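I have placed the structure first, in the form of structure tokens, so that the comments after it can refer back to it.
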Amino acid sequence: MNANLRQTLSFALGGALLAIPAFAVPQSQDPPRQQDPSKTQQPAQQQPQQAQQPATEQPVPQKDTVNPKNSKEDVDAIGNRNVSGKVNFFSLEKEIALGKSLAQEVEKSSKLIDDPVVTEYVNRVGQNLVRNSDAKVPFTIKVIDSDEVNAFALPGGFFYVNSGLVLRAQEESELAGVMAHEISHVTARHGTRQATKGELMQLASIPAMIFIPYTWAGYAMYQGLNLAIPLTFLKFSRDAEREADFLGIQYMYKAGYDPNSYVTFFERIQADEKRRPGTIPKVFSTHPPTPERIENTQKEIARILPARQEYIVTTSEFDTVKGRLRNIMFSRKATDAKDKPTLRTKTEQSKKQPTGNDPNSTSDDDRPTLKRRPDSQP
């Protein structure tokens, strides 16, 4: 190969070798991507902005940690939360049946107010509270003709309000407060929960039922042993009363009433007891409105209930119904006094016992008698 040919081939091969890198540059190197930071840095700049947006919304979940949703402190969730506890031998159907049987016993021994104006009003106030509560059962509300300041709700929603409570309340919100408290005993199922605790304590002493305390078969066996459950559906523990206070003020608030009226009623009852010991109503005899209970209720009102501009305190209808009920009670007492048999002393009875053939004569020797004058004879 001559020198000219060798130089020509060398130049051609060198050009090919140089050409290969020239064609490979756009494939193996990425200068546009490295030199165009706008496309890679823009998403990096936007990501911190997106991450900062949830940070501005942190107070909402932080508030929920204080008042968790659907908890007993979430007033907005009333009606959609569970406040009835967990362990309970009684289904709602069984609880209603139990309450119905207890209600029949109550009405056998009590006289009910049948005035349609009074009963409709009290029922309407109560049903308004029920609609704004956590109730899972319907309520039947009746008024008992009694001077005693009392109200009680049986398991299953059978609710009785004494006429004495209506007359003692000075405002509709006070009446609503006591009714809301009793409704809370039903929504929290305190009666059957308390009965369940009593059964569990007794079941623990029965080896045959230790392993089946939560079954209806075990409950039936328990009933078959005639271990009667005491009637504890109206007397509750202090914790149950505290929970009923807590739920009751929420139901009042939800229905539009001033929850402070419940405290006001308590304070007046307490003042009456200090002024005249022994006059405390029976409804508060087991767990009286102590200063501690009043203070706890006030703290709960301030802690969980947002302030409102307006509340329902009382209505003209309350005053009308209260006056009507007072007249009914007065008429009943007058009738009872007229029909009530009276007792006479033995002396009074002997004076009116006739002797001989003369029905006007008596055995009383001190009674004056008429005698004929001797000179009156011809």
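The values are calculated or read from the model by the stated rules, or taken from the named source; none is laboratory data. Owing to the predicted nature of the structure, the values given are computational and were not obtained by experimental measurement. When we count neighbours, we look across all protein chains shown, and the Cβ atoms used for this are built from the backbone with ideal geometry, even at glycine.
Residues are listed down the side, and each one gets a yes or a no for (1) touching a His at 6+ places or on another chain (Cβ under 7 Å); (2) within 22 Å of Ala176 (Cβ to Cβ); (3) at pLDDT below 95; (4) among the acidic types (Asp, Glu):
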position	(1), (2), (3), (4)
Phe89	no, no, yes, no
Lys100	no, no, yes, no
Gln104	no, no, yes, no
Lys108	no, no, yes, no
Lys111	no, no, yes, no
Asp115	no, yes, no, yes
Glu120	no, yes, no, yes
Val125	no, yes, no, no
* To do: Check whether at least one residue in the stretch 189-197 is in contact with a Gly (Cβ under 7 Å, 6 or more places away or on another chain), surrounded by 21 or more Cβ atoms within 10 Å (Cβ to Cβ), outside any helix (DSSP H, G or I) and at pLDDT below 95, and report yes or no.
  => yes
* Can you name the number of the only condition in (1) modelled with pLDDT of 95 or more; (2) closer than 27 Å to Phe246 by Cα that Val83 fails? -> (1)
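Suppose the filter is of a type in the set (Lys, Arg), within 30 Å of Gly198 (Cβ to Cβ) and surrounded by fewer than 17 Cβ atoms within 10 Å (Cβ to Cβ); does Lys136 pass it?
Against the criterion (of a type in the set (Lys, Arg), within 30 Å of Gly198 (Cβ to Cβ) and surrounded by fewer than 17 Cβ atoms within 10 Å (Cβ to Cβ)), Lys136 qualifies.
When you look at Pro155, is it surrounded by fewer than 22 Cβ atoms within 10 Å (Cβ to Cβ) and over 26 Å from Asn260 (Cβ atoms), yes or no?
no
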* Tell me, please, whether a residue that is over 25 Å from Glu317 (Cα atoms), aliphatic (A, V, I, L, M) and surrounded by 23 or more Cβ atoms within 10 Å (Cβ to Cβ) can be found in the stretch 125-133. => no
* Selection count, the stretch 62-80, where residues are modelled with pLDDT of 90 or more and exposed (fewer than 15 other Cβ atoms within 10 Å of the Cβ) -> 3
* **Failed condition for Glu105, given (1) under 24 Å from Glu199 (Cα atoms); (2) buried (at least 17 other Cβ atoms within 10 Å of the Cβ); (3) more than 19 Å from the chain's Cα centre (by Cα)** => (2)
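Does Asp245 count as modelled with pLDDT of 80 or more, farther than 14 Å from Val178 by Cβ, under 15 Å from the mean Cα position of the chain (by Cα) and part of a helix (DSSP H, G or I)?
Numbers: modelled with pLDDT of 80 or more: yes; farther than 14 Å from Val178 by Cβ: no; under 15 Å from the mean Cα position of the chain (by Cα): yes; part of a helix (DSSP H, G or I): yes.
In short, no.
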* To do: Give the residues of the stretch 246-257 that are surrounded by fewer than 24 Cβ atoms within 10 Å (Cβ to Cβ) and touching a helix residue (DSSP H, G or I) at 6+ places or on another chain (Cβ under 6 Å), sorted by residue number.
  => Phe246, Leu247, Ala255
* Structure fact -> All-but-one check, Glu292 against (1) within 26 Å of Asp147 (Cα to Cα); (2) acidic (Asp, Glu); (3) at pLDDT below 85, failing number (1)
* Just give me the residues in the stretch 131-158 being small (Gly, Ala, Ser), in contact (Cβ under 8 Å) with a residue 40 or more places away in the chain and more than 16 Å from Ala180 (Cβ to Cβ), in sequence order. => Gly156
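Which of the residues that make up the stretch 111-130 are without any contact (Cβ under 8 Å) to a residue 40 or more places away in the chain and either touching a helix residue (DSSP H, G or I) at 6+ places or on another chain (Cβ under 8 Å) or not in a loop (DSSP other than H, G, I, E, B) (or both)?
We begin by selecting, within the stretch 111-130, every residue without any contact (Cβ under 8 Å) to a residue 40 or more places away in the chain; these are 111-112, 114, 116, 119-120, 123-124, 127.
Scanning the stretch 111-130 gives Leu112, Pro116, Thr119, Glu120, Asn123, Arg124, Gln127.
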